Structures are given as structure tokens and as C-alpha cells.
Amino acid sequence: MKFAVISFPGSNCDMDMYYAVRDSLNEDVDLVTSDATNLDGYDGVLIPGGFSYGDYLRSGAVARFAPVMESVKEMAAEGKPVLGVCNGFQILTEANLLPGSLQHNTSMEFISDWSKLRVQNNDTMFTDQYEESEVIDIPIAHGEGNYYCDDETLAQLKANDQIVFTYEDNPNGSCDNIAGVVNEQGNVLGMMPHPERAVESILGGTDGLKLFKSLLNHVRS
Amino acid sequence: MEKPKTITPQDIKDQKIYQDWGLTDFEYNLISNDILHRLPNYTETGLYSGMWSEHCSYKNSKPVLRKFWSDGSRVLQGPGEGAGVLDIGDGQAVVFKAESHNHPSYVEPYEGAATGVGGIIRDIFSMGAKPVASLDSLRFGELTNDKNRFLLDKVVAGIAGYGNCIGVPTVGGEISFDPCYDGNPLVNVMCVGLMDQEDIEAGRASGAGNSIIYVGAKTGRDGINGATFASSQFSTEEESDRSAVQVGDPFMEKLLVDACLEVTHNHKDILVGIQDMGAAGLVSSSAEMADKANSGVDLDLDLVPQREIGMTPYEIMLSESQERMLLCVKAGHEDEILEIFEKHHLDAVVIGHVNDDKQYRLIHHGEVVCDIPTSSLVNDVPEYQHDVVEPERLKNVKEAKVPVISNVNVMVKTIIGQPTIASKESVYRQYDCRVQANTVVQPGSDSGVIRVRGTNKSLAMTTDANGRYIYLNPKLGGQIAVSEAARNIVASGAVPIGITDCLNFGNPDDSESYFEMDQSVEGISKACEKFDTPVIAGNVSLYNETDNKAIYPTPMIGMVGLIEDNQYITKSDFSETGELVYVIGDTNDDFAGSEIQKHLEGQISGKIHFDLEEEFSNQRLILDLIHNHLIESAHDVSEGGIIVSLLESLFENDLGLNGEIDITKAQLFSETQSRYVVSVSQEDRESFEKLAGKKAHLIGVTDDSQQINLRLQDGQYVDDVTTLKTIWKESLSCQMKSKA
């Protein structure tokens, strides 16, 4: 099994994601720059957090035009797993691989904290190791994590079970407490919380591990 | 704007224009009569003014800085380079330094604080180290004032904006408030880096013909001669000196970190030296690099990437535009280096060469605009001996009054609601403290702790300063500042290994102010030698006065400790019910400079008591207890006294405490030094008491009552921990939102 972690200029959680796969999952992983035009040979792609291109225009708005995004779209279309965390989630919505968008937190401040999430859908390739409705502790760190979509989209998300994680104590104003969503096909997950920061007990918790293990099991099967 | 072309060397002399840039008559005459044997032109005079400013030359503080103890077996690089380096074993090293950005943060708090973070991060990676953590020590006037609320809000936003984006976790720091910082806030930033010892770089430009490469942001007209600006006093009427403040771009710096570390790690053979462009920008970096190698440089200013048209040589050389680095690369290998920067989407240009005549020579539009001995910029600055006069307030000092506590419940609530004491969560929640996925102990504890990936070791780090104690007794206050930092480090399970400092003081020409600096440095140095924590880097910020009113003398100590084995990492919270709670160290009537004295009397006074031997022996005891697995938690006792430490340890897990403590109500708030609150599991009681002996005083047991119930010498204190926690947690943000 081999994963690709995409490193955009300004990504700053790329190595964290890389280590999570290499050291906690013990799987092969490459850091791939955003100039890459070919992701052949990878079983899954992970888009990490950070401030791609400084996020000066709008989070993720420039990254969506990076050369590598064409290959990411191809992988998504092929049904291979694509995970976007934090800035990665923002990039996936900007690239129209996921519905909705991420606005400024209602406090207008950056928030760094542990957050409690509820697993709303444990029947996805990213979450089948979790119990149904399991509450997990995962860190958040974002200034623009306030998920927004229109009512029609929200109804669709609910009808298709696309809402994967919700906040127990909504920190940022996200509609319906949404912390993470999948696409209709179920192979593209975007989430604001950082599962790669919760894979070792020395860092305060291991609730993120099951996400990576779910992913690995899926790829293996 | 003045056109430099029209100002001749004779004009500079006759109209004493050099004085506007901070050069004295004596210094100007030294340059023209003894160094150059001619009159310096406009550009040359400007370069001397920047390089000879206190900020770059330490001409006023050098006699004092020499007193610092900088030895020790771990020291790989002491003061003098971008940052200090200590051996942490296994071929690895920790690199750290702190820097002040006080003046810019007052004028433009967001950018002032942001560029403070950016500047210190550059110092770390210019040594070849990966920046792994940062901390901030902040001082403001009281929050009853609109301006101070604005400053706090924007400084915190600036630190968050830069640190979060560049991806260096902010793992600790401290904030306190006193009226003396009105109009003169302190913003001190510390950065810590990790590296393999074989990768240590130095800022050197040697070997005639080798190339000088400029990397990073273009040079603009921001922060022109900021070093001179930082070396003068403020008056409120001139506070809009905005051109001297720089603007930060953390994205650009993220690219710079990645590219420079690639060069320093993979291309050491062709890299001669690297240094960041900080204070006095291009001139200080190039002159210092050349001088360290006893060489000179020829630079062609037309090749310097410029953001604006028509920039003069003076502006190009003294601009403090951010996110720029200077490299010296072996001749013939320039393209290899340029390609790396191009790959990282950065400007990189060869702007000149090392020469063999030791001159500092600048060409602009084909003309030589500066031709002076390189060494004179760095080494010929006169050093000033200042008079030291003991201030009257330090003579015949009486004991501080023991406060009368009429209602202990009200007093506890008042003290834990003071912004200096209250939780800073609303601030540090804005800092990404976990990026890089190494943070073991997050902000809010005594020290930030990050693990060293791939090893079983961790680093603990903290910043501390207490201007009140130093104001009342500079020498003991200096010892206390280091001790307080060491207590934080020790409480986390680490052995203190070294410090950096920011010396924040008033005008050095004031002999009383100079006395404070001199004495506190002696105190700091004595404690450092005792604890084996050498001073490996630092920074000086003088002239912290507004309208001739000086701040408390506030040297900030940034300390790093090494946790040899992660099993020793210790937190400051009581973790469960049934733990025995002890105080290590005796409690006396120590109210001089205390939070309660400030609250009740509106000012501070009285005698400071401190015993360095006792302090050291208590530190050793805490480490022994931790290494023998005899304590569950450790928390130092500092501002606000023992009641604050006890409550802080109870809050995290919503525990209660029941017991008896052999002190008075007033002594709950006493700030006697060298104390800790520790918790011990019942089964370790015997071994613990045997090892701790008389230093340990059992005061109670944790429970799930969510009440604190303490029998005291002169009464009883009972209150609801949950209510107190709410006050402690919400006070700061309430005061930020309320109008005076």
C-alpha cells in the first residue's frame, strides 16, 4: 500500500501527516509536491493542513489550480480514497470535490483546542473502525472552519449520509455542527479537525488512529 | 523627502545631520578623523548610524553583558552568532534565542509582534536548525485602558497570524499587567530549534571571490533604519513613526525556512555562511559576515531586488524589509544554490563578492557610494562606561506590610480574577500549539514540552520575568527571575540546561537605570552559574521609556530544559481523587512586590527575601522525586501565592481539596520563593516523606467534592472550586470586552 501526501507551498502539516502514515500506520508514504502531474501508483491521497500559498486570497482558492489537482480529481473519479484535513478540506471544497465552503469562525479568531466529535456515519472507508455515534477527541486549529452550505445541499448531505463528523460543542459556527463530510460516492472526505495529531498517546490521544486504520483496511481489501 | 544627492559630506558635518540618526559628535569625529581620515558621505554616515546603534552594537550594554556566565559543558555556540546552541546528546543540539520587539509593537501592534516572531525564527534556521517551538513574554499596562486592550488584542493576533501560518507551534509564554508598561508594552519572542550537531552553520563570508547571494523578499522602504528607532526614547506626540515598522509575510518565510534548510543540510560543502537580515538589514548581515571572517565585500546595489523604484543606497542598505537572508557561496557553485531557491519560488540573486582588501564597498549606478573598512562598522564603535548610582528607593528598605484579610473568600476571588493571575486560555487558544505533532504539554502548564521525534527525549521550555521584584531589589530580583524559570522547567520533569534573555530596561544614560541593569545581570549570572544554565544568547532593549517614565526593569529569561526520558514528563494538574497534596518549601510573610500588595496598596514596596542555596536544593529535591516516580504532579508557586497554585492544580480535572495548612489567611497570598505544590499517591506516601523530609508539608487530600476546604491558623477557607474556576477562566476575556 502506498499513500501520497501532497505538499503545497505553505502546507505546514504535511510532515505530520507523513509521520502518521509512516510511523503509526507503518505504511509506505511519499511527500509529493503540488507541481507533480502524476499520482499513478498511489492507493490513496492525503491533503494536509497549513496555509497553502499563504491563504492570502481565500483559503484553498489558489491551491485548487495547482498542477497536482488534476491528478487528485482523477483519483477521486476512480473511487480511490482522498482525504483533506483542515486546509486540505478547504482545498477540496474550492476544487468542487466536496460541497459547501469554509468561512471565518464566528468568533473571527483562530481556534486551537481539543474538540469532541461524534462519528455520524461509521459506514465509510474512513470510519468503519469507529463505533456508531462514537464520541472522539481530535484537535482543531483553524481560523476558517465554519462550514456553510445552502439548505438544499444540507438536505442532500443528510439524505445521503454524507455528514461524517459533527462537533459536540460547535466551536466555529458550522451549520448543523458539521466537522467533516464525504462526497456522494463516499471516497472523498474533508474534515477540519486533525486526526494526524491524535495518533500517539504522548501527544494527548489516539482517537485519530482508527481513521487511518479504516482507510488502510479499505485499501487492502 | 530629503534628496541625498544634494547633501554633501560637508553639509552633514556643518548641519550635524548625523545627530538626527543618533550619532553623537564624538562618534562622528571618530569616524571622520580616526577611521576614514575624511568626511563620510551620506550613505556612509547612515551605515555607521545603523551599525553603531545600541540595537546592533550593544555599545552601552557590553560592559554589563560581559558579566554573563556563558560556560558549561553543553555549550556548542555561545553569544555572538544568530542564536546559541547546546548539546543534548546523540549528536543532536538545541538552538534558541529570544528577541524583543517592544517599540514596533507599540506603534503598530499586529505587524510589530508578527515580525518579532518572523525575525527570531530566522535567527534559528540561519544556524541550520529547524524551528520547533516558540514562546512569547508580554507586558502591558492595565486593561482598564482602551489603548492597552487594543495593544493586547493586536499583539496576540499578530503572533497568531505569523506563527500559525509558518507552522511553528507556540507552546508557552506569559503575560502580565502593570501601569508602568502604559505606552511601553514589552513583546519578547523566543524561538527554539533542533538540529544535528554536524549541521551547525555560521554567519561568515570568507574566501576572496566567493559570491554573496541575496534571497527572499524584495527590499522596500519599510523599517528604514529601524535599529536607530529602537535605540531612542518615545514621546507620545511622535508615536506615528510608522515608516520604522516592518510588515511580515509568513508564507514567504515558510518558503525561506524550507529552502534554507535544504541548502544547509544538503549543500554544506558549497555554503560558506548564512545569516538573516534583521536589524540594520543588508548592511549588518553583510558587514558582520565579512568581519567574522576578517574579510570585506563588494556589493552592487543595482542587483538587489527592490520593491520600489528610486531607492537610494541609504534606503537599500538600511531597509528592514522582512523575510530576507544573505548567503556566502563558493565561487563556481552559485547556480546549484540559485536553483534550489527557484524551486521554492523565491528570488535569489548574486549581489556581490568577498574581496581581499577588507573594505566594505558599495556600487550604485556604477558609482562607488561607500568605501570604508568593514571592521570599522562592527568593531570600532566606542564602548560606553556608565555611572551606576543606587536609587534612593533601594536604601533603608523596610519589611512590607502584612495585609489584613477581612474576607478571605472575596480576596481569593479578587486575586484570581486579576488579569496577571487569571487564565490566559483566551489568548493561547488563538495559537496553534500542536502543529508539527510533537507537543506533549501544551500552554497553560508550567512549561511547554515538545518531544524530540525519533528519540525518547523531550525539551521543556518557558519564559519568565518579574519586573516588580527587580524594581525592589535588582540583584535578588535577577536571581529570582532565573529561579522562577528553573522552577517551571524542573516542575515539568526536566533538567534546566541554558537560558536566553531579553534585557528590557530604561534609558542607559540614567545612572539609576543603569544600576538596575548592572545589578540584575549580576543576579541573573549568579543564579545561572549555580544552576549550570549558561546564557547562550540574548538581546538588549534599552530606552523603554515614554515621556521620560521608565518601565520596571524587566529582564526576560527564556529557559530550556532536557527531559532525558519521556517517562519523567510531569504535569501541573492533580489528576485524581485521593492524591495527597504537599507544599515543598516554607511559607513566610513575603508580600513585597506581590500581587496582593499591588492590589491593596496600588503600588509595590518592601524587602525581598531570597536564598539561592535553598532554591537550588528544592529544585534538586523535585527532580529526585520525579526521577524516583514519587510524585504525580508538580506546580511551582509564583504570583498570587499558594492559593493560586492550589486552585490551578485543581481546576483542570474539577477536583476538590480538604485539609489543613499551617499558615495564616494572609499567607495564602504570600509570594515566598522556592516553593512547589506536589501531589503524591497514597501508596508512595512513606517513600515520598522519607526523601522529602522536612521540606514537605502535607496539607490535604484531593476529592470529588468540588470544594476547597482548608483549615488555617486564623480561620477556615471554604469555597466552591467550580465557581472559582469560572472566574479564573473568564476574567481576562471579560476585561477585554468591557469598557472602562
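Rule-based calculations on the coordinates, nothing more; no lab input. What you see is a predicted model, and the numbers here were worked out from it, not measured in a lab. Virtual Cβ from ideal backbone geometry, glycine too; neighbours counted across all protein chains shown.
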Are any of the pairs B:LYS571/B:LYS729; B:LYS607/B:LYS729; A:LYS2/B:LYS268; B:LYS457/B:LYS694; B:LYS62/B:LYS358 more than 22 Å apart by Cα-Cα distance, and if so, which? B:LYS607/B:LYS729; A:LYS2/B:LYS268; B:LYS457/B:LYS694; B:LYS62/B:LYS358
Which of B:LEU657, B:SER53, B:SER674 sits farthest toward the positive end of the charge dipole of chain B, with +1 on the Cβ of Lys and Arg and -1 on the Cβ of Asp and Glu? B:LEU657
What is the distance in Å between the Cα centroid of the stretch B:412-453 and that of the stretch A:167-221? 25
Can you work out the Karplus-derived ³J(HN,Hα) for every residue in the stretch B:318-325? Use 6.51 cos²θ - 1.76 cosθ + 1.60 with θ = phi - 60°, whole Hz, and x for glycine or proline. 9, 4, 10, 3, 8, 6, 10, 10
Would you mind ranking A:ASP40, B:ASP464, B:ASP719 so that the residue whose beta carbon has the fewest other beta carbons within 10 Å leads the list? A:ASP40, B:ASP719, B:ASP464
If each of A:MET108 and A:GLU74 carries a label point 7 Å out from its Cα toward its Cβ, how far apart are those two points in nm? 4.5
Select from the stretch B:1-91 those GluC sites (Glu not before Pro) which occupy a DSSP coil region and have at most 15 other Cβ atoms within 10 Å, ordered by residue number. B:GLU2
Unit charges at the beta carbon, dipole of the stretch B:1-120: most positive-side option, B:GLN77, B:PHE96, B:GLY116: B:GLN77
Obtain the radius of gyration and the Kirkwood radius of the stretch B:208-355 from its C-alpha atoms and give Rg over Rh. 0.99
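Can you sort B:ASP291, A:ASP43 by how many other beta carbons sit within 10 Å, fewest first? Spell out each step's value before the answer.
Values: B:ASP291 23, A:ASP43 18.
With the fewest neighbours first, B:ASP291, A:ASP43 line up as A:ASP43, B:ASP291.
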Compute the FRET efficiency between B:ASN266 and B:HIS627 as 1/(1 + (r/R0)^6), taking r as their Cβ-Cβ distance and R0 = 51 Å, and round to the nearest 0.05. 0.80
Paired Rg and Dmax values of the stretch B:492-552, which use every Cα atom, in angstrom: 13.9, 44
So if R0 is 22 Å, what FRET efficiency would B:LYS694 and B:ASP662 give, r being the distance between their Cβ atoms, rounded to the nearest 0.05? 0.95
Helix B:511-531 axis, angle to chain B major axis (alpha carbon atoms, nearest 10°): 70
Given a Förster distance of 60 Å, the FRET efficiency implied by the Cβ-Cβ spacing of B:THR6 and B:ASP196, rounded to the nearest 0.05, works out to 0.65
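Magnitude of the Cβ-charge dipole of the stretch B:208-355, K/R +1 and D/E -1, about the Cα centre, nearest 20 debye? Intermediate results must be reported in sequence, preceding the final value.
Values: 10 positive and 26 negative charges, 46 e Å.
Roughly 220 debye, rounded to the nearest 20.
At 222 nm, what helix-only mean residue ellipticity would the protein assembly as shown give, in deg cm²/dmol to the nearest 500, using -39500 (n - 2.57) for each DSSP H run of four or more? Don't skip to the end; give the middle numbers.
Values: 29 runs with 289 residues, N = 961.
After summing the helix terms and dividing by residue count, I get -9000 deg cm²/dmol.
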Read phi for every residue in the stretch B:154-169 and hand back ³J(HN,Hα) as whole Hz from Karplus 6.51 cos²θ - 1.76 cosθ + 1.60, θ = phi - 60°, with x for Gly and Pro. 6, 4, 5, 5, x, 4, 5, x, 7, x, 5, 6, 6, x, 10, x
If amide H atoms are modeled at 1.01 Å from N in the peptide plane, then the residues at a separation of 5 or more from B:LYS571, or on another chain, having amide H under 5 Å from its own are B:ALA634
If neighbour count is taken as other Cβ atoms inside 10 Å, put B:GLU425, B:GLU383 in order from fewest to most. B:GLU383, B:GLU425
Gap in Å between the Cα centre of the stretch B:578-655 and the Cα centre of the stretch B:341-395? 46
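Assign unit charges at the C-beta atoms only (+1 for Lys and Arg, -1 for Asp and Glu), then state the dipole size of the stretch B:426-501 relative to its Cα centre in Debye, rounded to the nearest 20.
Computed about the Cα centre, the dipole is about 180 debye.
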Return the distance in nm (one decimal) between the two label points of a simple spin-label model at B:ASN145 and B:LEU394, each offset 7 Å from Cα along Cα→Cβ. 2.5
Amide proton proximity set for A:GLY173, modelled H, under 5 Å, gap of 5+: A:THR106
Quick one: length gained pulling A:VAL135 to A:ASP161 fully straight, 0.36 nm per residue minus the C-alpha distance? 7.6 nm
Here the relative contact order (percent) of chain B, from C-alpha pairs under 8 Å and at least 6 apart, is 15
Compute the relative contact order of the stretch B:1-68 as a whole-number percentage, counting only Cα pairs closer than 8 Å that sit 6 or more residues apart in sequence. 28
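Please compute the length gained on full extension between B:LYS218 and B:ALA331, using 0.36 nm multiplied by the number of residues separating them and subtracting their Cα-Cα distance.
On the way: separation 113, 0.36 × 113 = 40.68 nm, distance 2.37 nm.
Additional length available on full extension: 38.3 nm.
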Classify the stretch A:179-221 as rounded, prolate or oblate, taking a ≥ b ≥ c as the square roots of the eigenvalues of its Cα gyration tensor: rounded when a/c is under 1.5, otherwise prolate if a/b is larger than b/c and oblate if not. oblate
Quick one: which residues, 5 or more positions from B:GLY448 or on another chain, have an amide H under 5 Å from its amide H? H modelled 1.01 Å from N in the peptide plane, none for Pro or chain starts. B:MET461
Per residue of the stretch A:95-100, what does 6.51 cos²θ - 1.76 cosθ + 1.60 with θ = phi - 60° give for ³J(HN,Hα)? Whole Hz please, x for Gly and Pro, Karplus curve as stated. 7, 6, 8, 9, x, x
Rounded, prolate or oblate (a/c below 1.5 giving rounded, otherwise prolate when a/b exceeds b/c) for the stretch A:2-220 by Cα gyration tensor: rounded
What residue among A:LEU57, A:THR33, A:ILE47 has its Cα farthest toward the positive end of the dipole of the stretch A:28-80, where the charges are +1 on Lys, Arg and -1 on Asp, Glu, each on the Cβ? A:LEU57
Which of rounded, prolate, oblate describes the protein assembly as shown, given a ≥ b ≥ c as roots of the alpha-carbon gyration tensor eigenvalues and a/c under 1.5 marking rounded, otherwise prolate only if a/b is larger than b/c? oblate
B:GLY454: net charge of surrounding residues, Cβ under 13 Å, Lys/Arg +1, Asp/Glu -1, itself excluded? +1
Working note, chain B: Cα radius of gyration (Å, one decimal) and Dmax (Å, whole number) are 26.2, 84
Return, for the Cα atoms of the stretch B:1-68, the radius of gyration and Dmax in Å, separated by a comma. 13.4, 46
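If you place +1 on the Cβ of every Lys and Arg, -1 on the Cβ of every Asp and Glu, and leave all else neutral, what size is the dipole of chain A about its Cα centre, to the nearest 20 Debye? Mind showing how you got there, number by number?
On the way: 13 positive and 34 negative charges, 47 e Å.
My answer is approximately 220 debye.
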